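Structure first, then comments.
No value in this document is a laboratory result; all are computed from the given coordinates. The shown structure was predicted, so the numbers you read here are calculated from the model rather than taken from an experiment. Here Cβ is always computed from backbone atoms with ideal geometry, including for glycine, and neighbour counts include all displayed protein chains.
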Amino acid sequence: MEIQTNADVAAKVRGVLAEKRVKQAAIAEAVHLSRMAISRRLAGDTPFAPEELITIAGVCGVTVSVFFGERAEAMVAA
């Protein structure tokens with residue numbers, strides 16, 4: 001899947017959250033936004049800020065690149 005729009009990124013984030021069984025409430029708390037704000041981002045209505053994607057990736061234990069087309073693999077500690 002080629003990432004082209006906010007909706008594409010949102011779809012990838014939703015997929016990772018589902019795969020990792022992370023709830024929207026946990027993400028809202030981690031990025032310091034309301035659940036409604038997270039819901040708008042996950043719907044593709046509002047774009048994610050880069051810092052939000054970095055935080056979400058950390059919570060899910062994946063690299064940010066998975067939100068832009070790479071497979072969701074666990075982060076490898078260097």
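Loop-located GluC sites (Glu not before Pro) across the stretch 1-70 with a Cβ neighbour count of 11 or fewer within 10 Å are GLU2, with loop assigned by DSSP.
Can you tell me how the stretch 1-49 classifies by the Cα gyration tensor, rounded, prolate or oblate, using a/c under 1.5 as the rounded cut? It is oblate, given that a/c is not under 1.5 and a/b is not larger than b/c. Between ALA18 and GLN4, the modelled label-to-label distance comes to 2.2 nm, taking each label 7 Å out from Cα in the direction of the beta carbon. For the pair VAL64 and ALA26, label points projected 7 Å from Cα toward Cβ lie 2.2 nm apart.
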